[in-house]
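Engineer: Quick one: structure below, then a few questions.
The values are calculated or read from the model by the stated rules, or taken from the named source; none is laboratory data. A quick note: this is a predicted structure, and the numbers were derived from the prediction, not measured. All Cβ positions, glycine included, derive from the backbone under ideal geometry; neighbour counts span all protein chains shown.
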Amino acid sequence: SLMGKYSGMKQKERKLAEYFGVEKCIIVAGDSDDETKVLASFGQIISESLSTLLPDKENVIAVMGGTTMAAVAENMTMLDHNIRNNVFVPARGGIGETVDIQANSVSAMMASKTGGTSRPLYVPERVSHETYQSLLQEPFVQQVLGLIEESTCVIHSIGRALHMAARRGMSEQELVMLKNNGAVAESFGYFFDDDGKVVYKIPRIGLQLKDLEKVPYILAVAGGKSKAKAIHSYMKHAPQQTWLITDEGAANEMLKSI
Ligand code: F6P
């Protein structure tokens, strides 16, 4: 029955949230590995979650990039009038994604879809150490770093370690090192093993993993059966205030091993 199905889903959400020790888990029907409409529902749920969570003030929302985040951004909707004055910023500087899925693009899209504004962070991926250091001194960069520090909300995805390492153009040596260290998940440029322990970190400016602890609202959005292991790994040590937004594909796979 529909009622049985509904309560079954609620039960799975509670079970996952309890297991990971996080505030909330929301499971969308379907599997984003093979249905793009699931990604559209993620956008809707993120918009609703922001409406529920955000205090009525000018919030800074720090976002990551990736294909999930880009699809979420595309499908977000206008927020309530009293919580529209939000500033979207990329959470970390240049982490080598193509332009349409970069955090800069995601934050601009989210701002335009929800009625907020955005501020880009222009820090390229491959620059010399000196250029990098002088970019950091630029007032424009410093202002955005200041905003990131004040963020009330972070929205990010979770990826598979080796897939993300390859996509980010990491060297063969680094790939071997990640394999040897048992990396299975990646988020924020950090790599995690099966137990959710950090095994490698790409050094970048902006939000660091330890800064997440003091961010009041965190939305982690990732789905697809293929990502089940990665999500499981990252979520093991995710901050308690995290809301996990996922789909049945990933959830059912994770629940098999819980
Ligand atoms: O780099 C940003 C990020 O959101 C990571 O946190 C995550 O590993 C990755 O993107 C996921 O990418 P995709 O949504 O394309 O799988």
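Engineer: Within the range 195-221, track down each residue that is of a type in the set (A, V, I, L, M) and either out of contact with any Asp or Glu (no Cβ under 9 Å at 6 or more places or on another chain) or surrounded by fewer than 24 Cβ atoms within 10 Å (Cβ to Cβ) (or both).
Structural biologist: VAL198, VAL199, ILE202, ILE205, LEU209, LEU212, VAL215, ILE218, LEU219, ALA220, VAL221
Engineer: Between residues in the range 213-241 that are at positive phi and at pLDDT 95 or above and residues that are assigned to a loop (DSSP other than H, G, I, E, B) and surrounded by fewer than 23 Cβ atoms within 10 Å (Cβ to Cβ), which pairs lie under 9 Å by C-beta distance while being six or more apart or on different chains?
Structural biologist: As it stands, the answer is GLY224/ASP31; GLY224/ASP33; GLY224/ASP34, since those pairs meet every condition given.
Engineer: Which pairs do you get when a residue that is within 14 Å of GLU186 (Cα to Cα) and free of Cβ contacts under 8 Å to residues at least 24 places away in the same chain, found in the range 64-79, comes within reach of a residue that is among the basic types (Lys, Arg) and surrounded by fewer than 20 Cβ atoms within 10 Å (Cβ to Cβ), reach meaning Cβ atoms under 7 angstrom, with the pair 6+ apart or on two chains?
Structural biologist: Every condition considered, no pair remains.
Engineer: For the range 186-201, how many residues are part of a strand (DSSP E or B), under 29 Å from LEU135 (Cβ atoms) and of a type outside the set (S, T, N, Q)?
Structural biologist: Applying the first criterion (part of a strand (DSSP E or B)) to the range 186-201 yields 186-187, 190-193, 198-201.
Going one step further and asking which of them are under 29 Å from LEU135 (Cβ atoms), we end up with 186-187, 190-192, 198-201.
Among the residues that remain, those that are also of a type outside the set (S, T, N, Q) are: 186, 190-192, 198-201.
Number satisfying all stated conditions: 8.
Engineer: In the list ILE158, ILE205, ILE218, which residue meets the criterion of being touching a strand residue (DSSP E or B) at 6+ places or on another chain (Cβ under 9 Å), within 13 Å of the ligand (Cβ to nearest atom) and closer than 22 Å to THR98 by Cβ?
Structural biologist: Numbers: ILE205 fails: within 13 Å of the ligand (Cβ to nearest atom); ILE218 fails: closer than 22 Å to THR98 by Cβ.
Answer to the selection: ILE158.
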